[in-house]
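Asker: Take this structure first; my questions come after.
The values are calculated or read from the model by the stated rules, or taken from the named source; none is laboratory data. In this text, all values refer to a predicted model and were calculated from it rather than measured experimentally. Note that we place each Cβ from the backbone using ideal geometry, even for glycine, and neighbour counts take in every protein chain shown. Each accessible area value is taken on the protein alone, full model and side chains, heavy atoms only, with ligands, DNA and RNA left out. Shrake-Rupley method; radii C 1.70, N 1.55, O 1.52, S 1.80 Å.
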Amino acid sequence: MQQQNGHEDSLNQVREGDVPEQDDLCGHAAETAHPVVVNPKRRLGRGPAIGGILAALLLGVFIAKGIRTRVHAEETLTTTTREDAVLSVAVTSPVQGAEAQEITLPANTQAFIDTPIYARTSGYLGKWYADIGTRVRAGQLLAEIETPELDQQVQQAQSDLAAAQANQQLAQITADRWTKLLAKNAVSKQETDQATQDLIARQSVLSAAQANVRRLQQLQGFEKVYAPFDGVITTRNVDIGALIQAGDSNSPKLELFHMASTDKLRLFVPVPEVYANEVHNGDQVAVTSDAIPDAKFTGTIVRNSDAIDISSRTLNVEVDIINAEHKLFPGQYAFIHLPIPPSTSSMTLPSNALLFRKEGLRVGVVRDGLVQLAPVQIGHDYGAKVEIISGLVPQDQVILNPPDSLAQGERVNVEKGDAE
């Protein structure tokens, strides 16, 4: 009877949902020595509990993974920010020994001989024989001037000369006669001296008359205008019938022609003071012109001013060039290519590595990952490169295109080397 009541109590517990522990069940079964009857609803009640546990575990895994991902992202961001804060730079090393360079300087081209031609006698232009562009030889007739007034002056002078000659001859005869009479004591010494002095005066008048005739005849010779040298007529300012007034270089309106000798040209080039010591008389230089891009000429440095112009700080240099083919013209813009010899006692560096600071010229040198602002002294400026006289050694890593904010002791990353 008691056993039956215990069995009923177990069933009631199962019905009420109380699940006894396994050890209690086993102990109770051993005591009763009767099989336990399990309710089917009990097995169905454990499934949701296990599902909840698995869901909780899965949720925990997702939460842990999310936290880990966020922590890794924060660490990556911190590392990236720290790396980005360090400047990355490209570097190069100075080149030992300056390379042979060439500087291009503008030059003014002039004719070897360039002169205006003026009239030396007044009159009217009768004929001209050369126009602009005409190549003439020395002594070639260029124009003829009609001078009727001068011709009359010549005739008058010749008449005065004839009268002076007659007077001189009469004075000569008189002086000779009086000299002979004085020897016989037929005349006085005073009268003889007067005759002699009159002869001297007549001779002076004759000499003046002769000089006047020669002067007018020379002016007559200027009626014909001749070319003074071989060259080309570059300007003709008069025409037939024009009134010509005698003039010179101080009266530019009276210029008849302008001539230039273009077989040889002079090129004047202002050389900057820093390159003045590289100019040597007798050296040959290349000459080019934008008007003839495919042509290259050879000129010779013939002389220089041997003094620096105080206003421009340049040395005036003359370069002569043979222009037998007349490819270059006077007044044309040309360029002189002046060679700069190499130097073995210095180094070259790209000009974009220089820093202009109030303390002076500096370059950024990377040493042990840190920036050192090294003071340097430059020699020649080659444009894209500069010559470094002092302040660097060939092993230095010099920063290219340094920012203005580059500071002493700043940590940098070397991005690449020898970048030029």
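Asker: Of the options Ala201, Ala242, Leu256, report the single residue whose Cα projects farthest towards the positive end of the charge dipole of region 149-298 (beta-carbon charges: Lys, Arg +1; Asp, Glu -1).
Answerer: Of the options given, the answer is Ala201.
Asker: Measure out, as a whole number of angstrom, how far apart the alpha-carbon centroids of region 207-247 and region 120-168 sit.
Answerer: Here the two parts' Cα centres lie 6 Å apart.
Asker: Whole-Hz Karplus ³J(HN,Hα) for region 50-59, in order, using 6.51 cos²θ - 1.76 cosθ + 1.60 and θ = phi - 60°, x for Gly and Pro?
Answerer: 5, x, x, 4, 4, 5, 5, 4, 4, 4
Asker: How large is the direction-averaged shadow of the alpha-carbon convex hull of region 290-420, in nm²?
Answerer: 12.4
Asker: Express the C-alpha Rg of region 133-253 as a ratio against the empirical globular expectation 2.2 N^0.38 Å, rounded to two decimals. Intermediate results must be reported in sequence, preceding the final value.
Answerer: Working: Rg = 24.0 Å, N = 121, 2.2 N^0.38 = 13.6 Å.
Here the Cα radius of gyration is 1.77 times the empirical estimate.
Asker: Then there is this: Would you kindly work out the equivalent ellipsoid of region 368-420 from its C-alpha gyration tensor and give its semi-axes, the square roots of five times the eigenvalues, largest first in whole Å?
Answerer: Ellipsoid semi-axes (Å, largest first): 21, 13, 12.
Asker: Enter the accessible area per residue of region 178-252 (Å², integer; probe 1.4 Å; all protein chains in place).
Answerer: It amounts to 64 Å² per residue over region 178-252.
Asker: Roughly speaking, what is the stretch gain from Gln372 to Phe329, that is 0.36 nm per residue apart minus the C-alpha to C-alpha distance, in nm to one decimal?
Answerer: Once the chain is fully extended between Gln372 and Phe329, it gains 10.0 nm.
Asker: Evaluate the charge dipole of region 263-387 about its Cα centre and quote only its size in Debye, nearest 20, assuming +1 on the Cβ of each Lys and Arg and -1 on the Cβ of each Asp and Glu.
Answerer: That gives region 263-387 a dipole magnitude of about 400 debye.
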